[in-house]
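K.L.:
One structure is given below, represented as structure tokens, and several questions about it will come after.
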Amino acid sequence: MMQPMQGLTGDYRLTGTASYTIEGAISSEPVSGTLSIFAGSSPQYYYFLERTNKGRIGFLTTHTNTRFSIESVQDYTRVGSATYFGYLDNNSQGTVENDSIVYDRYADTENVGITSPTGERITFSKKIRKHVHLVATR
């Protein structure tokens, strides 16, 4: 059994739920896959790489004792044939426990835009709130 913050690097089995709020309607679906954790430039930083049935995302985490915050990084939500992009917000955080890592990621696509490869600016008028709750175990 690992102690919090000791031996954190490595691969974990990942399970959880992705919930989407689209124009007031809420839907959820299961998430499963692998979380790989890499040591950062100092003992308080780690890099998390999620590979799930919903895609792949990597982000930097900043740890204080057994709690950590997730740095803002671009995330996406696929709805039908459209993909919406947004950034993780400040509420994205988690905890390191004796036998698991539990965290929540939140993204909101309101007032978010991207630039296409041809230079065209694309913006989104549909508000989508994404909440992903995950549990990582060895």
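K.L.:
Which residue pairs have Cβ atoms closer than 8 Å, lie 6 or more positions apart in sequence or on different chains, and pair a first residue in region 43-57 that is hydroxyl-bearing (Ser, Thr, Tyr) with a second residue that is surrounded by fewer than 18 Cβ atoms within 10 Å (Cβ to Cβ) and in a loop (DSSP other than H, G, I, E, B)?
P.N.:
Partner pairs satisfying both residue conditions: Tyr46/Thr9; Tyr46/Gly40; Tyr47/Gly40.
K.L.:
Right, something else. Looking at Arg51, Arg78 in this structure, which one is modelled with pLDDT of 90 or more and either surrounded by 15 or more Cβ atoms within 10 Å (Cβ to Cβ) or not aliphatic (A, V, I, L, M) (or both)? Give the derivation first.
P.N.:
Values: Arg78 fails: modelled with pLDDT of 90 or more.
Exactly one of Arg51, Arg78 is modelled with pLDDT of 90 or more and either surrounded by 15 or more Cβ atoms within 10 Å (Cβ to Cβ) or not aliphatic (A, V, I, L, M) (or both), namely Arg51.
K.L.:
Within region 100-107, is there a residue that is open to solvent by 40 Å² or more (accessible area, probe 1.4 Å), assigned to a strand (DSSP E or B), touching a residue at least 12 places away in the same chain (Cβ under 8 Å) and not aromatic (Phe, Trp, Tyr)?
P.N.:
Keep residues of region 100-107 that are open to solvent by 40 Å² or more (accessible area, probe 1.4 Å), which gives 106.
Narrowing the set further to residues that are assigned to a strand (DSSP E or B) leaves 106.
Checking the rest, the ones that are also touching a residue at least 12 places away in the same chain (Cβ under 8 Å) come to 106.
When the remaining residues are screened for being not aromatic (Phe, Trp, Tyr), the result is none.
No, region 100-107 contains no residue that is open to solvent by 40 Å² or more (accessible area, probe 1.4 Å), assigned to a strand (DSSP E or B), touching a residue at least 12 places away in the same chain (Cβ under 8 Å) and not aromatic (Phe, Trp, Tyr).
K.L.:
Output the residues belonging to region 28-44 that are open to solvent by 70 Å² or more (accessible area, probe 1.4 Å) and part of a strand (DSSP E or B).
P.N.:
As a first pass, look at region 28-44 and keep what is open to solvent by 70 Å² or more (accessible area, probe 1.4 Å): 28, 30, 38-39, 41, 43-44.
The answer is Ser28, Pro30, Phe38, Ala39.
The values are calculated or read from the model by the stated rules, or taken from the named source; none is laboratory data. These numbers come from a predicted model, not from an experiment. Counting neighbours? That spans all protein chains shown, and the Cβs are built from the backbone with ideal geometry, glycine included. Calculation scope for accessible area: heavy atoms of the full protein, side chains included, ligands and nucleic acids excluded. Shrake-Rupley method; radii C 1.70, N 1.55, O 1.52, S 1.80 Å.
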